[in-house]
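Notes for the one structure printed next.
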Amino acid sequence: MLGSTTIDKLIAGCAKGDRKCQRTVYEMFYGKMMGVCLRYTNNKEEARDLLHDGFIKVFENINKFNYSGSFEGWIRRIMVNTTIDHFRKNKNIFVKDIEDFSNIASEEPNVDVLSQLRTEDIMKAVQTLSPAYRTVFSLYVIEGYSHKEVAEELGISVGTSKSNLAKAKNNLKKLFMVVKTPIQEKVK
């Protein structure tokens, strides 16, 4: 990673509208911030749109960065807020989802199976969640928000946040149980 002096120069350049500095910042944080956006979306195209919207906000507001925390953390916060704003506009996603997992056995996932999953597999599983479940799960589990903060950010009740998180975890657990069977069969 670049030193703080280099980051400071990039931030100053971006504040002046220097396209080379903006491009460097974009390329430097593209991968990590794309990962953030993917946690809240169904597909790469939607994530890419949110990522681009987020970077526009970064460059429009870069003069507000106050150096009290990490620059990466500041960018991450903007990306998360961009995705939240996107889903606030589509508030109907927080209506109860109808999903039928009745054909899946109610076993606990095997820890050995979970350790064999790649980050990419886990991300794909999270992306299969409904937008409501995925957003609450990502904010609570990955971003570290409290249920009160999730509720305030999304304009839902604390109870809805807790319910969506529980349902998200349950659906993920069921998805991982589906993964368990083929792996166990290969071992036999």
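Throughout, read-outs are computed from the coordinates displayed, never taken from laboratory work. Because the structure is a prediction, the values reported are computed rather than measured. All Cβ positions, glycine included, derive from the backbone under ideal geometry; neighbour counts span all protein chains shown.
Placing +1 on the Cβ of every Lys and Arg and -1 on the Cβ of every Asp and Glu, with no other charges, gives segment 5-89 a dipole of roughly 80 debye about its Cα centre. Amide H to amide H, with H built 1.01 Å from N, TYR145 comes under 5 Å of TYR140, counting only residues 5 or more places away or on other chains. Among the listed pairs LYS148/LYS169; LYS44/LYS89; LYS89/LYS148; LYS89/LYS169; LYS32/LYS169; LYS57/LYS124, which are separated by more than 22 Å between their Cα atoms? From the list (LYS148/LYS169; LYS44/LYS89; LYS89/LYS148; LYS89/LYS169; LYS32/LYS169; LYS57/LYS124), the Cα-Cα distance tops 22 Å for LYS89/LYS169; LYS32/LYS169; LYS57/LYS124. Across segment 56-62, computed HN-Hα scalar couplings (Karplus, 6.51 cos²θ - 1.76 cosθ + 1.60, θ = phi - 60°) run 4, 5, 4, 6, 6, 10, 4 Hz from first to last residue, x flagging Gly and Pro. The phi torsions of segment 42-48, fed into the Karplus equation with coefficients 6.51, -1.76 and 1.60 and a -60° offset, translate into couplings of 8, 8, 5, 5, 5, 4, 5 Hz, rounded to whole numbers, with Gly and Pro shown as x.
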